[in-house]
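Asks: Could you have a look at this structure, given as structure tokens, before my questions?
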Amino acid sequence: MKLDILISAMHLNGYQELLKKLKIRGNCVLVNQCDREAVQTIYEEVIPDPASGCSKPEVRRIQYIETTERGLSRSRNMALSYSEGEICALCDDDVRYVDHYESRILQSYEEHPEADVIVFFVKGEEKPSPYYEKPRYLHSVTSMKAGSPEITFRRKSLDGIHFPELFGAGSRFSMGEESILLYACLKRGLKILYLPLQIAELLPSQSTWFRGYTDTFFRDKGAAFAAMGATRGIWPSLLELQFLLRKYSRYEQENTLQNAWKQMRLGQREYEKLRIFLIGDSHSLNGPGKVTRQLLWHLPADTLYVKSRGRTGQALEILWKSRKAGIVLCSGLSRQCLLGIRAASRRGRKSAYVMHGCVAYESEINEGKRICDSLQRSTANESETSEGKRVCDLVQSGTVNESETSEGKRVCDSVQSGTANESETSEQKKSRKALLEEAILKEADCILAVSQSFCNWVKAQYPPYAGKTACAPNGVELEKWWQESGTDLGDRKRESERAEESGYGKSKRTSQILSLGGGVPEKNMLPLCRAVESWNRKHEGQVRLLIAGANGRDTEEIRRYDCVEYLGSLPHEQVLGLLQESQIYVQNSYLETFGLAVLEAVLQGCDCLISQNVGALSELAYEEDDVIWDVEDVEEIERKLGLLLEGRKNNQRLRDSLDLRKLSAGQRTLELQRTLWKVLKI
């Protein structure tokens, strides 16, 4: 096991003097909040800890981050995101570690494999001796005694748990971040062990946040207690009462019991205006369902959410819980989301809508209306003319095959004559969804698009809502993804190094192309099929195109191509296996709001050709020939596929450009919260 000391400091001119002052001799991550932005990784030889039994010099890794961000909790989250050690220990710039601190911490975890968090003893003027003489497990009340430098934890155990960025020095509420963190650990079922074993001592210093028992102190304390008891009835009030009575002798000279209680209640109500109530389908396996589960896992522990599965129960929960939260966050399109937005509005609360797609636009593509309508208005662009005019003209002339008739005549006749047919029942349903989407976009206080390109598209498509639209990119559950992919890639090494070690690309089938999306028209598979067929004909090639995904209106025509193997819907594990063996991955969608499959393909070693309409493109440093600029241009697709087939590799470059730290679901959820506070101005 390796230990990382996570240090938070401000306005340093370097790291060496501080590490010497703190007597840190092992690995560490130091976040320096200053007026610069920089990241350095330094390796230094140090004399090993005698208790380790090693006599040779050791190399320690120092991750030194300079950032213009502010706030202690934000600093801790940043340090945690850069950490690679199995065990982490929190540290401020006012402690000094004892000799053998590293071996004491690591040995304690080896002796207590069941412990997720271990709180040690840090000696100080106000803590001359340990809280308890014997080891014991802590609960929600006893854990509040722990100070930040005493807290250590297994990094993997805290997956989905983050420091609350509204709390801590330099934040909205100046205290309580460590207690809220430990409360979140207990709520997640983690075990917190206290050991009366000294690892450090506090140095005399002036507190960066404590200015006496003022009104602000009690307000912030009340907010912290509120963050520890969202779903436990009067629990926050009981915590406030016990604190006021237990600490009365300390503050009686500066404040009164009645006023202190009043300020705590004000703090509690202020925090409740910032609490999130998440509404969304967390059970389905589609994209919005996955994102909703990610949000639920990574949002603060006091986040409220809908537990009922029935519609009546959901409606009642929404009406009740919208009273207890200040922000109603809706993920995905549903009537429940609209109900939550309207309930929030009536109660003077804020609401935000995580927009995963655009039903109105997708329906136009899937039903063919966008093409035909554009032609009839004589405002079609080149891609619409090349595909749409062929269908409409052939339908009207009668010189088309069965698939073209079923796809084109149904749409054109319906649009031109206004006559209804059997499939218009589904069109009516989609029309209702479009109306629902329009109502949500209009009434929500904030619209969060899941990629930067999609955010720009929404602003252009809906100008009245541009001012309240912001980007909150999707994240990737990297640890879970590594497990599902079946690769042993380590924890946090550089991705390119991991690719070399795992042998990505060595078992690739050089004439195999994969594309995900099935026969759904918005995935636009037909131009890709034509491009591969043309390449094989011109070069006498044997390139195979594998297409996986749900059936749609294009499925039957796709199956007619000899070069295509249509696989239908597949489990995610099987898709990852196909990505591992395929040489090239292509995404030629009309609109892909994010496109997780593209990132999975890059991480699995595929060379990629990506439509400019894919949101995940903004995560990559791409070049001209990596992108399909006109998704209907078969010649462009064929030419750029040819470059990849003939040896122009782009996987290594694309993979190196990914910032996996920022891409993680945890970091993206933290960014979403910051965006909410900024856009909603709270």
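The values are calculated or read from the model by the stated rules, or taken from the named source; none is laboratory data. It should be emphasised that the depicted structure is a prediction, and the values quoted were computed from it without experimental measurement. With ideal geometry, Cβ positions are generated from the backbone for all residues, glycine too; neighbour counts draw on all protein chains shown. For the accessible areas, the whole protein counts, side chains as well, though only heavy atoms, and no ligand, DNA or RNA atoms are used. Shrake-Rupley method; radii C 1.70, N 1.55, O 1.52, S 1.80 Å.
Asks: Which of the residues belonging to segment 238-295 are among the hydroxyl-bearing types (Ser, Thr, Tyr) and open to solvent by less than 10 Å² (accessible area, probe 1.4 Å)?
Replies: Selection gives 251, 292.
Asks: Let me spell it out: the conditions are (1) more than 13 Å from residue 515 (Cβ to Cβ); (2) free of Cβ contacts under 8 Å to residues at least 60 places away in the same chain, and residue 567 meets all of them except one. Which number is the exception?
Replies: Only one criterion is unmet by residue 567, namely (1).
Asks: Does residue 298 satisfy the condition of being more than 30 Å from residue 267 (Cα to Cα), modelled with pLDDT of 90 or more and crowded, with 22+ Cβ neighbours inside 10 Å?
Replies: Working: more than 30 Å from residue 267 (Cα to Cα): no; modelled with pLDDT of 90 or more: yes; crowded, with 22+ Cβ neighbours inside 10 Å: yes.
When the stated conditions are applied, residue 298 does not pass them.
Asks: Then there's this: How about segment 1-88: which strands (runs of 3 or more DSSP E) wholly inside it have at least 3 residues that are open to solvent by 50 Å² or more (accessible area, probe 1.4 Å)?
Replies: Working: elements: 3-10, 28-33, 38-46, 58-67.
Those strands (runs of 3 or more DSSP E) span 38-46.
Asks: Just to check your reading of the model, which residue among 470, 439, 444 is crowded, with 22+ Cβ neighbours inside 10 Å, among the small types (Gly, Ala, Ser) and modelled with pLDDT of 95 or more?
Replies: 444
Asks: Separate question: Find the residue count for segment 578-603, including only residues that are open to solvent by less than 30 Å² (accessible area, probe 1.4 Å) and in a helix (DSSP H, G or I).
Replies: 9
Asks: Applying the selection to segment 434-480, what residues are closer than 18 Å to residue 619 by Cβ and either outside any helix (DSSP H, G or I) or of a type in the set (Lys, Arg) (or both)?
Replies: Listed by number, the residues that qualify are 448, 449, 450, 451, 470, 471, 472, 473, 474, 475, 476, 477.
Asks: Select, from 343, 360, the only residue that is hydrophobic (A, V, I, L, M, F, W, C) and either part of a loop (DSSP other than H, G, I, E, B) or touching a residue at least 40 places away in the same chain (Cβ under 8 Å) (or both).
Replies: Among 343, 360, only 360 is hydrophobic (A, V, I, L, M, F, W, C) and either part of a loop (DSSP other than H, G, I, E, B) or touching a residue at least 40 places away in the same chain (Cβ under 8 Å) (or both).
Asks: Within segment 611-618, identify whether any single residue is at positive phi and either exposed (fewer than 14 other Cβ atoms within 10 Å of the Cβ) or touching a residue at least 12 places away in the same chain (Cβ under 8 Å) (or both), and answer yes or no.
Replies: Scanning segment 611-618, I find no residue that is at positive phi and either exposed (fewer than 14 other Cβ atoms within 10 Å of the Cβ) or touching a residue at least 12 places away in the same chain (Cβ under 8 Å) (or both), so the answer is no.
Asks: Follow-up. Can you name every residue in segment 556-573 that is in contact with a strand residue (DSSP E or B) (Cβ under 9 Å, 6 or more places away or on another chain) and either at pLDDT 95 or above or not hydroxyl-bearing (Ser, Thr, Tyr) (or both)?
Replies: Correct list: 558, 559, 561, 563, 564, 565, 566, 567, 568, 570.
Asks: Also: Somewhere in segment 216-225, is a residue of a type in the set (Lys, Arg) and in contact (Cβ under 8 Å) with a residue 40 or more places away in the chain?
Replies: Yes: one or more hits.
Asks: A further question follows. Pairs only if they're at least six apart or on different chains, beta carbon under 7 angstrom, first in segment 139-163 and under 16 Å from residue 198 (Cβ atoms) and of a type outside the set (D, E, K, R), second open to solvent by less than 10 Å² (accessible area, probe 1.4 Å) and assigned to a helix (DSSP H, G or I); list them, first residue then second.
Replies: 146/182; 152/105
Asks: Go through segment 273-328 and give me each residue that's β-branched (Val, Ile, Thr) and within 22 Å of the chain's Cα centre (by Cα).
Replies: Those that are β-branched (Val, Ile, Thr) and within 22 Å of the chain's Cα centre (by Cα): 276, 279, 291, 292, 303, 306, 327, 328.
Asks: Out of segment 558-577, which residues are part of a helix (DSSP H, G or I) and over 21 Å from residue 611 (Cα atoms)? Walk me through it before giving the result.
Replies: So the first thing to find is which residues in segment 558-577 are part of a helix (DSSP H, G or I), and the list is 558-559, 572-577.
Residues satisfying the conditions are 559, 572, 573, 574, 577.
Asks: Is segment 516-539 home to any residue that is at pLDDT 85 or above, open to solvent by 30 Å² or more (accessible area, probe 1.4 Å), part of a loop (DSSP other than H, G, I, E, B) and farther than 20 Å from residue 585 by Cα?
Replies: no
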